[in-house]
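Everything on this sheet refers to the single structure shown next.
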Amino acid sequence: MNTRVGIVVPTLGKRPDYLQECLQSISKAGEAYVCLVAPKDFDAQNFLDTGLVNQTVVDPGLGLPEAINHAIDKLPRDIEFINWLGDDDLLQPGSLTKTSETLQAEPGTVLAYGSCSYIDSNGDVIWSNKSGQWASPLLHVGPDLIPQPGALFRRAAFEQVGGLSTEFNWAFDFDLLLKLKALGKLKFVNQTLASFRWHPESLSVGQRKMSVSEAGKVRVSHLPKPLRLISFLWEYPVRKATMVAGNRVTAKAQGKKH
């Protein structure tokens, strides 16, 4: 396969139906080299035989950020644009083609991102994130409104910032965004690129309070020292608003089940 795009899919192998959908969505999103990182006892042969997966890597068992870092490091060296996708999330048809073309056309852009739909366990849309380009400057003082699913970033930039921080359990993607923003432009692509599955098993949903708190710590840590001293002025309302927004999405998801 001659492609510049690599997608890592971390999985524990406990959601086979979702994983199948996830991998099929990547195949429809554009040319991509797919690396599955899973426990050593996970049998991925069927996915390799059908061409949905190009490579498997054994999860080192040191947490999700380290699993993703490990898999990205194992990607072929000619892969230039990368991201990871949760095994229960989906890419939209043509999304990788769009984001990779954006990065190729704009050398100063380190990350291309777009809108993201939030879907429930059955795949029904419950909410849409349509943040736009203003989500980038808002990162330092507001909630993270840049969807990680569907985005694409330069591997060289990822390696330059040292990959994902293993210090964080939930907000490691937010930390990465802020580090990438310091290197170059984050470009908004005006279309829906992915779907994030909102269900109780999702790390950022089931343990939302801790996730929001950790995101706040990440946000403050990237501020200049003078602003850190007054960050309390906006941190509480930002965290509160983020919790309220998440609770509303959860309520919508639960409402669709009744």
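The values are calculated or read from the model by the stated rules, or taken from the named source; none is laboratory data. Given the structure is predicted, the values throughout are model-derived calculations rather than measurements. Cβ coordinates were reconstructed from backbone atoms using ideal geometry, including for glycine residues, and neighbour counts include every protein chain displayed.
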Scan region 76-103 residue by residue and report those that are surrounded by fewer than 19 Cβ atoms within 10 Å (Cβ to Cβ) and not acidic (D, E). P76, R77, I79, P93, G94, T97
Every residue in region 1-28 that is over 19 Å from G94 (Cβ atoms), without any contact (Cβ under 8 Å) to a residue 40 or more places away in the chain and surrounded by 15 or more Cβ atoms within 10 Å (Cβ to Cβ), please. G13, Q20
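Does E201 satisfy the condition of being more than 23 Å from A157 (Cβ to Cβ), under 20 Å from the mean Cα position of the chain (by Cα) and either modelled with pLDDT of 75 or more or not in a strand (DSSP E or B) (or both)?
Working: more than 23 Å from A157 (Cβ to Cβ): yes; under 20 Å from the mean Cα position of the chain (by Cα): yes; either modelled with pLDDT of 75 or more or not in a strand (DSSP E or B) (or both): yes.
Against the criterion (more than 23 Å from A157 (Cβ to Cβ), under 20 Å from the mean Cα position of the chain (by Cα) and either modelled with pLDDT of 75 or more or not in a strand (DSSP E or B) (or both)), E201 qualifies.
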Do any residues in region 165-191 that are more than 16 Å from H222 (Cα to Cα) have Cβ atoms under 7 Å from those of residues that are surrounded by fewer than 16 Cβ atoms within 10 Å (Cβ to Cβ) and of a type in the set (A, V, I, L, M, F, W, C), where the two are at least six apart or on different chains, and which pairs are they? W170/L203; W170/M210
For region 61-139, list the helices (runs of 4 or more DSSP H) that sit wholly inside it and hold at least 3 residues that are more than 20 Å from H199 (Cα to Cα) and of a type outside the set (A, V, I, L, M, F, W, C); which are they? 64-74, 95-105
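Filter region 47-60 for residues that are in a helix (DSSP H, G or I) and either of a type outside the set (S, T, Y) or in contact (Cβ under 8 Å) with a residue 40 or more places away in the chain (or both) and give the result.
Within region 47-60, F47, L48, D49 qualify.
Determine, yes or no, whether E31 is of a type in the set (D, E), assigned to a helix (DSSP H, G or I) and either surrounded by 14 or more Cβ atoms within 10 Å (Cβ to Cβ) or touching a residue at least 60 places away in the same chain (Cβ under 8 Å) (or both). Can you show your working first?
On the way: of a type in the set (D, E): yes; assigned to a helix (DSSP H, G or I): no; either surrounded by 14 or more Cβ atoms within 10 Å (Cβ to Cβ) or touching a residue at least 60 places away in the same chain (Cβ under 8 Å) (or both): yes.
Spelling it out, it is not the case that E31 is of a type in the set (D, E), assigned to a helix (DSSP H, G or I) and either surrounded by 14 or more Cβ atoms within 10 Å (Cβ to Cβ) or touching a residue at least 60 places away in the same chain (Cβ under 8 Å) (or both).
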